[in-house]
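Values quoted throughout were computed directly from the atomic coordinates according to the rules given, and no laboratory measurement underlies them. Treat the numbers as computed from the prediction; the structure is a model and nothing was measured. Here the Cβ positions follow ideal geometry from the backbone for every residue, glycine too, while neighbour counts run over all protein chains shown.
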Amino acid sequence: MNKKILSLFSVFASMIILAGCGSKSDLENTNAKSYPVKTLELKNEDKPISLEYEGITGGSEVRKLSFKSSGKISKIYVTKGQQIKKGISLIELDKSDLSFDMDAAKAQVDSASAQYNKAVNGAQTEDISKAEIAVKNAEDNYNYYKDLYDKNAKLYQSGAISKRELEAAELQENSYKSALDIARQTLQQLENGTRSEDKQGLLAQLNSAKANYASKVNLVQDATLTSDVDGYVVDVLCKEGEMQPAGTPVILIRGENQVVTIGLSSDDVKKVQVGTKTQVKINDNNLEGEIINIVQMSDKTSGTYSAEIKLLNPIDNSSFYVGDIVKVYVSIGDKNSIWIPINSILNDGEDYVYIAENGRAVRKNVTLEDTNEGKVSVEGLKPKDKLVVEGMKNIKAGYRLIIK
């Protein structure tokens, strides 16, 4: 009996030993696999804090230029995108009608000046004779242009000429009518003598004629648009031969300054000011910039505050396209913290990373704070922690690691 019990005990013990050996083997197999990762030893670092925004490229000022008078486009000297210098001619109107108006205004000045001088110096027989001749010439001129206008009016009614040609004929008639009126007044004053109040009236007419002439001269000069800045042609809005009404923009230009506009949030606008430095990334170019203007009223649609950033070292205009979307980093100071690569952070509803401790992966939840280009400052880690920066997507907490 005792032998049987001993035999059963021996069998049972053997089973326990075999089972124990099997469990140890399984554990060794489970833990045998290791995962290669790359780590980064963390430390406190000083890095500039920046606000990250998307901006839109543009010129410091897009200006719409137009003519003061209506007319036909005679010559366009520039093309879209062309670099221009201050003083260069841009677009020119046909000056024929404007020059005629200027000459007519000059004649009125001469006539008014002669009347005033006669009134002041007194009339002589010779002066009266000349005035009579002047009246006769003025009547002949007026009658000619009145007849010309009447003919043009009939042609316009029949559709043979344009309204513009009719208006030009009317302008000529009115100019010579004014010259005739002045010539008659001159003759009458010479014949009747000039009173003091008449002299004052003639002086006023002279001054009015001079002002009108100066205005006509300005219109002739302004018939050639010139650039008042160094910069670029944004767009040409007309074609040669087209009629352009006064005040209608015919060309858009901008200064040489290359500017990027961003929309700051109500919180961020309080962190910056005019003069705040920025980094602007345009294609492969990392450029320094500076805030030059902040609009104090928020946009009604977006609720953001527009800020203009001037590029301190402009790039070639061929690489700077107005309306491009670019990355902007607005500097708001330095921060001493633990900074980790953004791409080392995982998320399963919470932000976390893996730390290598004693050859195994340890999960650490982190709180994200400020960013600096490709890094972010975090809470939840400490200096000398070994952060897994490569291979973290292949591991879980407790996995054995091989540090590359």
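Structure notes:
- C-alpha center-to-center spacing [segment 84-116, segment 150-210] in angstrom: 17 Å
- Gained length - residue 94 relative to residue 389, 0.36 nm times residue gap less alpha-carbon distance: 99.1 nm
- Counting every other Cβ atom within 10 Å of each residue's Cβ, 388, 234 order from fewest to most as 234, 388.
- Kirkwood hydrodynamic radius over Cα pairs of segment 297-361, then Stokes diffusion coefficient at 4 °C and 1.567 mPa s, in µm²/s: 74 µm²/s
- Spatially, segment 299-315 and segment 338-393 are offset by 34 Å when compared through their Cα centroids.
- Between residue 243 and residue 86, the modelled labels are 3.8 nm apart [label points 7 Å from Cα along Cα→Cβ].
- Listed by Cβ neighbour count within 10 Å, with the fewest neighbours leading, 184, 254 appear as 184, 254.
- Other residues with beta-carbon under 14 Å from the beta-carbon of residue 271 carry, at +1 per Lys or Arg and -1 per Asp or Glu, a net charge of -2.
- Between 0 and 90°, nearest 10: helix 96-121 axis offset from the chain longest Cα axis: 50 degrees
- Label-reachable residues, segment 315-345, where backbone N falls under 16 Å from a point 7 Å from residue 62's Cα toward its Cβ: 320-326
- In segment 96-222 the Cα-Cα distances spread across 10 Å bins starting at 0 as 13, 35, 31, 16, 5, 0 percent of all pairs.
- Neighbourhood net charge (14 Å Cβ-Cβ; Lys/Arg +1, Asp/Glu -1) for residue 161: 0
- Arranged from fewest to most other beta-carbon atoms within 10 Å of their beta carbon, 34, 344 become 34, 344.
- Extension reserve of the residue 200-residue 230 stretch, reckoned as 0.36 nm per residue once the Cα distance is removed: 6.0 nm
- Helix 2-32 and the longest principal axis of the Cα set of the chain meet at an angle near 20°.
- Gain in span if fully extended, residue 165 to residue 313, counting 0.36 nm per residue against the direct Cα distance: 48.0 nm
- Rounded to 10°, Cα long-axis angle of helix 125-157 versus longest principal axis of the chain: 50 degrees
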